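Every number in this text was worked out from the coordinates using simple rules, so none of it is lab data. Here the structure is a predicted model, which is why all the values come from computation and not from measurement. Backbone-built Cβ (ideal geometry, glycine too); neighbour counts: all protein chains shown.
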C-alpha cells in the first residue's frame with residue numbers, strides 16, 4: 001500500500017526555476033511556558049530531506065525545539081556573520097573582490113554555514129583546513145576569509161574566543177600542475193606568442209600586444225578609449241578598468257587609487273606599439289565606438305573573453321608555452337629588469353600599477369637569480 005502523502009510539505013520555485021521543499025507544522029507544547037510551538041522550515045532540495053527534518057523536530061518535542069530556536073536567536077551563525085561582513089564590504093571593495101569572496105564563501109558555507117560562530121570546534125576547524133590544503137592549491141585565501149568572519153564576530157561581541165589560536169595552517173596546499181612562478185615569457189617566447197596571435201586575429205593581436213607592451217591588467221586594456229592615447233607624445237593614460245559584479249554583470253569604473261600616476265602622467269608607448277595601434281585603428285577597429293577593443297555593437301567586452309582568445313591561439317599553436325593574460329604583466333616586468341640592470345623596482349612598480357612594491361620585488365628577485373645562474377654557467381665554461 002503506497003504511503004500517504006504529507007500535506008504539510010509544500011514546494012515552491014526560486015527565481016532560477018529550481019524547485020525547493022518546505023513545511024509548516026505543529027510540534028507540541030513548550031512545557032516551560034505552556035505555549036504552542038509551530039515551526040516553518042524551507043530550503044530543502046528534496047521531499048525526503050523535508051520529511052526527515054520534520055520527523056527530527058517532532059521527536060525532539062516542543063520544549064527542545066523552542067529552546068533551539070531561542071539559542072538561534074541569541075547566537076549568531078557563520079551565515080549571519082557573513083551577511084554582516086558582506087554588507088560592510090560592499091561599501092569599500094571592488095565588485096570583482098565581492099565576486100571572489102562569494103566564490104570562496106561557498107566552501108565555508110558548505111562546512112560551517114549553520115554553525116554558531118562562537119562554537120566552532122578547533123578540531124573540526126583543523127580537519128577542514130587540512131582537507132582544503134589537500135585539495136586546493138590556493139587554500140589560504142578561503143581560510144583567511146573564515147578567520148576574518150570570526151574576527152568580526154569578536155569585534156561585535158558575537159564570539160569571545162578565536163579557534164584559530166589553536167590550529168596550525170599548513171604551509172603549502174595541493175601541488176599545482178602549473179607553476180605560477182613560470183607564468184611569463186622569455187623574450188623569444190613572447191615574440192612567438194605575438195606572431196601566433198597575429199595570425200589568429202588582428203584584434204586579438206592588437207590587444208595582446210598592447211597588454212604585453214604596457215603591462216596592463218586585462219580590465220584596463222578593455223577599458224581603453226582612443227581619447228586615452230596621445231600619439232604625438234607617445235603616451236597612454238590609464239584611468240578606467242572593466243570588472244564583474246557579484247551577479248556576473250560587467251561594469252566599468254576607475255582604476256585603483258594607487259594608479260594615480262598612470263592616470264595623470266601616463267605610460268610611455270614604444271614606437272612599435274604606436275604603429276600597431278595606428279594600423280589597427282585605420283584598418284580593423286569599429287569607427288563608431290570610443291573603445292579601442294570593442295564587440296560588434298561597439299560596447300566594451302567582459303574580461304572573460306580573453307580565455308577564449310587564448311584558447312584560439314594555443315589551439316592553433318600547441319607548442320607554445322601556455323600562460324594567462326596576467327602573465328603578460330609578469331613578462332613585461334621581467335623583460336624590463338633583464339634589459340636594463342639600472343632600472344629600479346619602484347620604476348617598474350609605477351609602470352605596472354602594483355599597490356605593493358613587494359609584488360615587483362618578487363619578480364626582481366627571480367630575474368636576479370636567473371642572472372646569477374647565467375653568470376655561474378659562464379664562469380664554469382671558462383677554459384682557463
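Treating each Cα of the stretch 53-107 as an identical point scatterer and summing with the Debye formula, the log10 of I(q)/I(0) at q = 0.13, 0.17, 0.20, 0.29 Å⁻¹ comes to -0.53, -0.68, -0.76, -1.10.
A Stokes-Einstein calculation at 4 °C with viscosity 1.567 mPa s, built on the Kirkwood radius of the stretch 183-326 over Cα pairs, returns a diffusion coefficient of 82 µm²/s. In this structure, residue 124 and residue 63 have a Cβ-Cβ separation that, at R0 = 25 Å, corresponds to a calculated FRET efficiency of about 0.35. Contact order, relative form, for the stretch 1-137: 17 percent (alpha carbon pairs under 8 Å, 6 or more residues apart, mean separation divided by residue count). With contacts taken as Cα pairs under 8 Å at a separation of at least 6 residues, the stretch 127-203 carries a relative contact order of 36 percent.
The Rg/Rh ratio of the stretch 9-74, with Rg taken over Cα atoms and Rh as the Kirkwood radius over Cα pairs, comes to 1.05. At a temperature of 25 °C and a viscosity of 0.890 mPa s, determine how fast the stretch 29-135 diffuses translationally according to Stokes-Einstein, using the Kirkwood radius over alpha-carbon pairs as Rh; express D in µm²/s, rounded to the nearest whole number. Answer, rounded: 147 µm²/s. Annotation: the residues 104, 208, 269, sorted from fewest to most other C-beta atoms within 10 Å of their own C-beta, follow the order 104, 269, 208.
Under the criterion of Cα pairs below 8 Å and six or more residues apart, the relative contact order for the stretch 78-166 equals 38 percent. The gain in end-to-end length when the residue 186 to residue 161 segment is fully stretched comes to 4.0 nm, 0.36 nm per residue minus the alpha carbon separation. Percent of C-alpha pairs per 5 Å bin in the stretch 78-166, short distances first: 3, 14, 26, 27, 18, 10, 2. The residues 231, 164, when put in order of fewest to most other Cβ atoms within 10 Å, stand as 231, 164.
Taking the average, over residues, of other Cβ atoms within 10 Å as the packing measure, peptides 220-228, 122-130 rank 220-228, 122-130 from highest down. Peptides 213-219, 11-17 ranked from most to least packed give 213-219, 11-17, packing being the mean of other C-beta atoms within 10 angstrom over each peptide's residues.
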